[in-house]
1. Just give me the residues in region 231-281 being crowded, with 20+ Cβ neighbours inside 10 Å, of a type in the set (A, V, I, L, M, F, W, C) and either in contact with an Asp or Glu (Cβ under 8 Å, 6 or more places away or on another chain) or not in a loop (DSSP other than H, G, I, E, B) (or both), in sequence order.
2. Is it fair to say residue 212 is aliphatic (A, V, I, L, M), closer than 25 Å to residue 266 by Cβ and under 20 Å from the mean Cα position of the chain (by Cα)?
3. Can you say whether residue 175 is at pLDDT 95 or above and touching a Gly at 6+ places or on another chain (Cβ under 8 Å), as far as the supplied structure shows?
4. Output the number of residues of region 230-259 satisfying the condition of being of a type in the set (A, V, I, L, M) and over 17 Å from residue 138 (Cα atoms).
5. Need pairs with beta-carbon distance below 9 Å; first residue within 27 Å of residue 148 (Cα to Cα) and within region 89-115, second part of a loop (DSSP other than H, G, I, E, B) and β-branched (Val, Ile, Thr); sequence gap 6+ or separate chains.
6. Can you find, within region 129-167, the residue that is nearest to residue 182 (Cα to Cα) among those that are among the β-branched types (Val, Ile, Thr) and within 12 Å of the chain's Cα centre (by Cα)?
7. How many residues does region 1-25 hold that are at negative phi, of a type in the set (Asp, Glu) and exposed (fewer than 12 other Cβ atoms within 10 Å of the Cβ)?
8. Just give me the residues in region 179-193 being buried (at least 18 other Cβ atoms within 10 Å of the Cβ) and not in a loop (DSSP other than H, G, I, E, B), in sequence order.
Amino acid sequence: MAQVLSDEQIEAFHRDGFAVVHDMVGPESRRRLMERAVELVEQWQPTGEQTVFTTEEQERTSNREFLSSGSSIWCFFESEAFDERGELRQPKHLSINKIGHAQHDLDPIFSQFSYTDDLAGVAADIGMADALALQSMYIFKQPGIGGEVGCHQDSTFLYTDPLTVTGFWFALEDATLDNGCLWAAPGAHRDPLRKVFRRLGDDDAGTEFEVLDPSPLPEAPADLVPLEVPAGTMVLLDGRLPHWSDVNRSEKSRHAYTLHCISESAEYPSWNWLQRPADMPLRRLDRCDRA
């Protein structure tokens, strides 16, 4: 398979825990993903229990919809989307935090974007030639109410043995300091994984964090560097890399699409919150049987 990343980008990923790859997504691909995301939101009908996404209170918000979303397409509201009466303050498509977590397999537009030779090549370049597409998220970072994502390590939520999860984060709009760009701690992917997020049982049993290392994560934003990137950029994120994004109080959204991959050779525990039924196996990025 032909090399996609430059030698400098590969070196940066292993040295810093992240790599910035400009001009990875063209304007037409960005337009298609953004239009499709709004369509999915408009087609989606919430149940009686409104599912709000927040990394700060993940144990409390781990409801049935969240725990079953590994094999579905579900929308999660921003925590500030509702007024004191529980009514949306703005239209639904401006109230959603993210869409997740299986649109890369269930929606043809997202599937076409996610399963490409280029992405398979990127995974191979960083040492993961057997990459499985595990989870996808479309993140809106809504104007004015786009929630903070607390400093975390992706391997906390998508654990494998050995640790292999890698994030492919695509800026569909410019990501700036004003609208909540990513921040990361260069080199901190070499530090220990602090905790794991575990299911306690079936969909109704809830979840818990298990502490593996009590040392604190880097303080945000003081110990982090901003990753301001233009639309079309891909940012690769090592699963142990601490990263964060601030609340978006600006008038501009910060749409992004993230695909998380793991190595097929790694063990994926049954206590991970994200699980799939047996008839929906994970697929490799380099397989030709793409939707």
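The values are calculated or read from the model by the stated rules, or taken from the named source; none is laboratory data. Being a predicted model, the structure only gives us computed values, none of them experimental. Positions of Cβ are generated from backbone atoms using ideal geometry, with glycine treated the same way; all protein chains shown enter the neighbour counts.
1. Of everything in region 231-281, those that are crowded, with 20+ Cβ neighbours inside 10 Å, of a type in the set (A, V, I, L, M, F, W, C) and either in contact with an Asp or Glu (Cβ under 8 Å, 6 or more places away or on another chain) or not in a loop (DSSP other than H, G, I, E, B) (or both) turn out to be 234, 235, 236, 237, 241, 244, 256, 259, 261, 262.
2. On the way: aliphatic (A, V, I, L, M): yes; closer than 25 Å to residue 266 by Cβ: yes; under 20 Å from the mean Cα position of the chain (by Cα): no.
So residue 212 fails the test.
3. Values: at pLDDT 95 or above: yes; touching a Gly at 6+ places or on another chain (Cβ under 8 Å): no.
When the stated conditions are applied, residue 175 does not pass them.
4. Kept after step one, since they are of a type in the set (A, V, I, L, M), are these residues of region 230-259: 231, 234-237, 241, 247, 256, 259.
After this cut, where a residue has to be over 17 Å from residue 138 (Cα atoms) as well, the list is 241.
The total comes to 1.
5. Pairs found: 89/145; 90/145; 94/145; 95/145; 97/54; 97/145; 113/25.
6. Pass one, region 129-167, residues among the β-branched types (Val, Ile, Thr): 139, 145, 149, 156, 160, 164-166.
After this cut, where a residue has to be within 12 Å of the chain's Cα centre (by Cα) as well, the list is 139, 149, 165-166.
Values: 139: 12, 149: 9, 165: 18, 166: 15 Å.
Applying the filter and picking the extreme gives 149.
7. Looking only at that region, the number is 2.
8. In the first step, residues of region 179-193 are kept if they are buried (at least 18 other Cβ atoms within 10 Å of the Cβ); the result is 179-185, 188-189.
Passing the criteria: 182, 183, 184, 188, 189.
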